[in-house]
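For reference, the structure discussed in these notes is given below.
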Amino acid sequence: GRFNYSYNDKYLIEANARYDGSSRFTGKNQYSFFPSFSAGWRISEETFWSSMKQAISELKLRGSWGQTGNQAVGLYSYYESLSPSTYTFGGEPITGYSPTTLSNQDITWETTDQTDIGIDVVALGNLNLTLDYYSKRTSGILLTLPIPQTIGLDAPPQNAGVVSNKGLEIEIGYKNSVGD
């Protein structure tokens, strides 16, 4: 679902909601809710800004927060896998099945939260400046970590990793025409 609202082209709001399901998880972990929100304020559209329009024609503050999910794990990882194996019983070859990989019934969505705060400026008619600060954190990263070989089975995937990224992005642009 999505909701957008603009009041006098000055105050901007958007909200999004996702409810995702995946056959790669089981039970209560099969579905998850991922929301996001954003807001903007076009300061340059305010009446108190009219005296500044010639120098700075556009000034907008904005911010957002959102969450997304990732299901990057093999199909049916929550089941133990079996592989055929042949052995001899009473002098005859017999085919049997034995477990090869542990299961993990608790795996769930890898989740990324991202926050962004920014400002957009158009100055002197043709100089553009955009500044953005962002913070992105992914938790519950789906990994297969080593386990002791004495267990005799391969390791299952698990929600084990966390990665955090933060930064500042700056974009400067200039638009002008040359010639007729």
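The values are calculated or read from the model by the stated rules, or taken from the named source; none is laboratory data. If you're wondering where the values come from, they're calculated on a predicted model, not measured in any experiment. Here the Cβ is made from the backbone with ideal geometry for all residues, glycine too, and neighbour counts use every protein chain on show. Heads up: the accessible areas ignore ligands, DNA and RNA and are worked out on the full protein's heavy atoms, side chains in. Shrake-Rupley method; radii C 1.70, N 1.55, O 1.52, S 1.80 Å.
For the range 75-106: of the residues being among the polar types (S, T, N, Q) and loosely packed, with under 11 Cβ neighbours inside 10 Å, which is farthest from the chain's Cα centre (by Cα)? My answer is T88. Criterion first (modelled with pLDDT under 95, more than 30 Å from I56 (Cβ to Cβ) and over 32 Å from the mean Cα position of the chain (by Cα)) does G161 satisfy it? No; evaluated as a whole, the condition is false for this residue. Within the range 1-24, track down each residue that is hydroxyl-bearing (S, T, Y) and open to solvent by less than 40 Å² (accessible area, probe 1.4 Å). Residue satisfying the conditions is S22 alone.
Find the residue count for the range 111-125, including only residues that are more than 26 Å from F34 (Cα to Cα) and either out of contact with any Ser or Thr (no Cβ under 8 Å at 6 or more places or on another chain) or of a type in the set (D, E, K, R) (or both).
Number of matching residues: 2.
Pairs meeting the criteria (first residue in the range 103-132 and on the phi > 0 side of the Ramachandran plot, second residue surrounded by 15 or more Cβ atoms within 10 Å (Cβ to Cβ), beta carbons under 8 Å, at least 6 apart or on different chains) are G125/S57. When each of E80, E14 is tested for being among the acidic types (D, E) and modelled with pLDDT under 95, the lone residue that passes is E80. Just one of the listed residues (Y174, Y133) is at pLDDT 95 or above, among the aromatic types (F, W, Y) and open to solvent by 90 Å² or more (accessible area, probe 1.4 Å), namely Y133. Of the set (1) in a strand (DSSP E or B); (2) of a type in the set (A, V, I, L, M, F, W, C); (3) in contact (Cβ under 8 Å) with a residue 12 or more places away in the chain, all apply to A72 but (1).
Applying the criterion of being open to solvent by 60 Å² or more (accessible area, probe 1.4 Å) and under 18 Å from the mean Cα position of the chain (by Cα) to the residues of the range 25-59, the residue that is farthest from Y76 (Cα to Cα) is F37. Being among the aliphatic types (A, V, I, L, M) and surrounded by fewer than 16 Cβ atoms within 10 Å (Cβ to Cβ) is the filter here, so list the residues in the range 60-74 that pass it. L61, A72, listed by residue number.
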